[in-house]
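Data first, discussion second: the structure below is written as structure tokens.
The values are calculated or read from the model by the stated rules, or taken from the named source; none is laboratory data. Since the structure is predicted, the reported quantities are computational estimates derived from the model, not experimental observations. Here the Cβ positions follow ideal geometry from the backbone for every residue, glycine too, while neighbour counts run over all protein chains shown.
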Amino acid sequence: MAKHIVCLTFDFDGISGFVARGSPSPSPVSRGEFGPRVAAPRLLALFKKYRIKTSWYVPGHTIESFPDAVKAVVDHGHEIGHHGWRHISPVAFSRAEEEEELIRGNESIKRISGEYARGYRSPGWDLSPHSVELFIKHGFTYDSSMMGDDYGMYFARQGDVLDLHKPAQFGETTSLVELPISWSTDDSPHFEYMRTGNALRPGLASAGDVLENWIADFDYMQKTTEWGVLTFTCHPFISGRGHRIMMLEKLIRHMKDKGAVFQRADQTVLEFRQRTSGNTAPKVRRNRGRAVQSGIVNRSIGSWPRFSRSMRHRVSAESNNIQPTEKKNDQKDCSWNGGRGGVGWRFGFGAMVRRW
Ligand SMILES: [Zn+2]
């Protein structure tokens, strides 16, 4: 049976993004503060009107600075996902720093929502060579920071070795599900005016033009897929402005009229797992790192049948719609200690893109 899912997702940055970029002065801070103070309540009212559940990726900094605003999101039944603690891309961290940030953010999420996050979205839409392994170790079931599909989901890979002088060596597929995103379905590059140093991003696009694009993305999904997922990424401080929230309502109405099913990302990931159960064999890397010449690490692959024990438990807990148990670090074999990935990989678009 045909099903066309729409995941409306929000990166609830609050003021963390401005502070992280070195703009802690009153005006940029107030620009971010518009999100929790004004925009989030408007958005929650809109979703209540249409009985839509959504997913919000929230930095620990926002949770601890605006607890009432984030609690309101929880109380309305929306998902809380991980978005770092300080809103800094994991590419900037060592493995230990990245893990520390992951744990700190997750503890903030547990305090505000009563459970750890199932999903992660990178503040820079980029991941380090350690990210996928750390997500699995800490019980995440999905990531939403990559762009390898538009209406499909897939299992994330880790351990690619990329050297422009050689063919790519793709790493092993893992048990982590990827819910892909795209700059074209993100409100920030379309709308957000930004000037930093000599760089200027004009933003301020016509909401009608963006609506036309986004409707076309949905219509094409219906035309070309039997079962598809379209993910939009918005920011309360951007999409909560009058003409944009009106555009969002028009978008919702169009997609509802065409039969769209609006779902939280974690529920969509669970549905994907159930659909793919039995015809995929996601594998988790074992710890057998081995360095080779040129400083690039070639990691031998050891595969596990399906999921590890604790991963299986977590999926089972999701299936039964019960609260997952506390995560234990019993997946140490999932990690690899082989050092950093290939140079090309490390210094790809992650070094060039900073994101709102
Ligand atoms: Zn963000």
Discussion item. Condition check: closer than 18 Å to R264 by Cα, touching a residue at least 12 places away in the same chain (Cβ under 8 Å) and away from the ligand (no atom under 16 Å from the Cβ). Does I80 satisfy that?
Written reply: no
Discussion item. Just to check your reading of the model, which residue among S23, S27, S55 is touching a strand residue (DSSP E or B) at 6+ places or on another chain (Cβ under 9 Å), over 29 Å from E271 (Cβ atoms) and more than 11 Å from the ligand (Cβ to nearest atom)?
Written reply: S23
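I'd like the full set of residues that are within 16 Å of the ligand (Cβ to nearest atom) and either in contact with a His (Cβ under 6 Å, 6 or more places away or on another chain) or of a type outside the set (V, I, T) (or both), limited to segment 220-272. Steps first, please.
Initially, segment 220-272 is screened for residues within 16 Å of the ligand (Cβ to nearest atom), giving 231-240, 265.
Across segment 220-272, the qualifying residues are F232, C234, H235, P236, F237, S239, G240, A265.
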Practice prompt. Could you grab the pairs with beta carbons closer than 6 Å, sequence gap of 6+ or different chains, first residue in segment 216-235 and more than 17 Å from M147 (Cβ to Cβ), second one more than 16 Å from the ligand (Cβ to nearest atom) and of a type in the set (S, T, Y)?
Written response: T225/Y151
Discussion item. Any residue that is within 14 Å of the ligand (Cβ to nearest atom), touching a residue at least 60 places away in the same chain (Cβ under 8 Å) and part of a helix (DSSP H, G or I) - is there at least one of those in segment 1-18?
Written reply: yes
Discussion item. I need every pair where a residue in segment 163-191 that is within 22 Å of R241 (Cβ to Cβ) and in contact (Cβ under 8 Å) with a residue 60 or more places away in the chain has its Cβ under 7 Å from the Cβ of a residue that is in a strand (DSSP E or B) and among the hydroxyl-bearing types (S, T, Y), sequence separation at least 6 or different chains.
Written reply: I181/T231; I181/T233
Worksheet entry | Pair list, Cβ under 8 Å, 6 or more apart: segment 247-264 residue in contact (Cβ under 8 Å) with a residue 12 or more places away in the chain, other residue surrounded by 15 or more Cβ atoms within 10 Å (Cβ to Cβ) and polar (S, T, N, Q) | L248/S239; K258/Q222; G259/Q222; F262/T54; R264/T54; R264/S55
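Looking for whichever is at pLDDT 95 or above, away from the ligand (no atom under 15 Å from the Cβ) and within 21 Å of the chain's Cα centre (by Cα) here; the options are E101, E64. Which one fits?
Working: E101 fails: away from the ligand (no atom under 15 Å from the Cβ).
One residue alone meets the criteria, E64.
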